[in-house]
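One structure is given here, and the rest of the page talks about it.
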Amino acid sequence: MAAHFALLIDPAPVQDDREDFAATFQAVDSSAPALSVGELSTQRGDGIFETIGVVGGHPQEATAHLERLAHSARLCDLPAPNLRQWRQAVTRAAAECGPGEGAIKLILSRGVEQGPAPTAWVTASLSPDHAAARTRGIRVVTLDRGIDAGAAERAPWLLLGAKTLSYAMNMAALREAHRRGADDAIFVTSDGLVLEGPTSSVVLRFGDRYVTPATGTGILHGTTQMSLFDHLHATGRAAAYESVPVAALTEADAAWLVSSVRLAAPVTAVDGVEIPADADETASFNRYLLSPRD
């Protein structure tokens, strides 16, 4: 494929039950102008997105990503996306990704200020090479997100459970991690609970139990983490959502950051404290995550 592929979408109302939405898609030159300067996604980050990993032309966990797109739309008071239309757009974009690993981004914006709304588009691109992170692992630092564990319930307007385009803080956290000599970060609450990575979910193993932070604290429900937990349950292992204190990060028998494109990256150190990495289990996780999944 070319470096990038872009598809503009004329959003259909959720009640539109047509079988074929091809007429609502317009492939455009991804290097040419396609959006208005009044677009609120760029002016204010006022919109939502999803990133779907693609393996061999197959979009991974497309259903979960589309359901999360709809969930974010509800939280942000955006028009409900027609998921049949979006699924067809995902299929169209995935066909452009070729035989290797790729990534699809779904973007739904509030549109143009004082103009038509919403604006929607899909892009596809080749994935970076994440082999080193998957095999050698990553070093992380913990960063205070500036909220306590009850903030999401107390202040829903913070949109803590939505995947919005307002990602400046997440990117700033990654830069801070790099300044501290780490590869990635894990957000924690001001009252000492583990949240998530800027672009990933946290999974910990204690003995034969697997744990991820409970979503009631306002973290994003990770599609890759959910799929991995389904796999763990299907293979007879215990996996649960719990409140995880920060101290547990260095007490775990193994830890991973999991995401749709990088997949499972073992954590080898937290705030400079070395923790064990399980190379065999990481390889098993990634074999599963690279297998076709809907």
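Read-outs throughout are calculated quantities, based only on the coordinates presented, and are distinct from any laboratory measurement. From a predicted model like this one, the values you see are computed outputs, not experimental measurements. Ideal geometry is used to build each Cβ from the backbone, glycine not excepted, and the neighbour counts take in all protein chains shown.
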Exercise. Give me the orientation-averaged projected area of the Cα convex hull of the stretch 26-94, in nm², one decimal.
Key: 5.5 nm²
Self-check item: About the Cα centre, charge dipole magnitude for the stretch 131-289 (Lys/Arg +1, Asp/Glu -1 at Cβ), debye
Solution: 500 debye
Practice problem: Using only Cα atoms, find the angle between the long axis of helix 223-234 and the longest principal axis of the chain, and express it within 0 to 90 degrees, rounded to the nearest 10. | Solution: 60 degrees
Practice problem: Report the relative contact order of the stretch 99-211, percent, no decimals, based on alpha-carbon pairs under 8 angstrom and at least 6 residues apart. | Solution: 21 percent
Practice problem: Report the local net charge at D16: Lys and Arg +1, Asp and Glu -1, summed over other residues whose C-beta lies under 15 Å from its C-beta. | Solution: -1
Exercise. Determine the dipole magnitude for the chain: charges of +1 sit on the beta-carbon of Lys and Arg, -1 on that of Asp and Glu, nothing else is charged, the reference point is the Cα centre, and the result goes in debye to the nearest 20.
Key: 220 debye
Quiz item: Once the other residues with Cβ under 15 Å from the Cβ of G161 are scored (Lys, Arg +1; Asp, Glu -1), what is the net sum?
Solution: 0
Quiz item: Which order results if R136, R293 are arranged by neighbouring Cβ count within 10 Å, fewest first?
Solution: R136, R293
Practice problem: Would you mind estimating how fast the chain diffuses translationally, via Stokes-Einstein at 4 °C and 1.567 mPa s with the Kirkwood radius over Cα pairs, in µm²/s? | Solution: 65 µm²/s
Exercise. Report Rg/Rh for the stretch 150-199, rounded to two decimals, where Rg is the Cα radius of gyration and Rh the Kirkwood radius.
Key: 1.00
Quiz item: Based on Cβ point charges of +1 for Lys and Arg and -1 for Asp and Glu, what charge dipole magnitude is obtained for the stretch 4-126 about its Cα centre, in debye rounded to the nearest 20?
Solution: 140 debye
Quiz item: Using alpha carbons only, how many degrees (0 to 90, rounded to 10) separate the axis of helix 83-94 from the longest principal axis of the chain?
Solution: 80 degrees
Self-check item: Distance cut-off 27 Å, percentage of C-alpha pairs in the stretch 131-289 lying past it
Solution: 17 percent
Quiz item: With axes computed from alpha carbons, what is the tilt in degrees of helix 168-179 against the longest principal axis of the chain, rounded to the nearest 10 within 0 to 90?
Solution: 40 degrees
Practice problem: Could you please state, rounded to a whole Å, how far the C-alpha centre of the stretch 173-212 is from the C-alpha centre of the stretch 34-72? | Solution: 23 Å
Quiz item: Once the Cα atoms of the stretch 27-171 are picked out, what are the Rg and Dmax in Å?
Solution: 16.8, 50
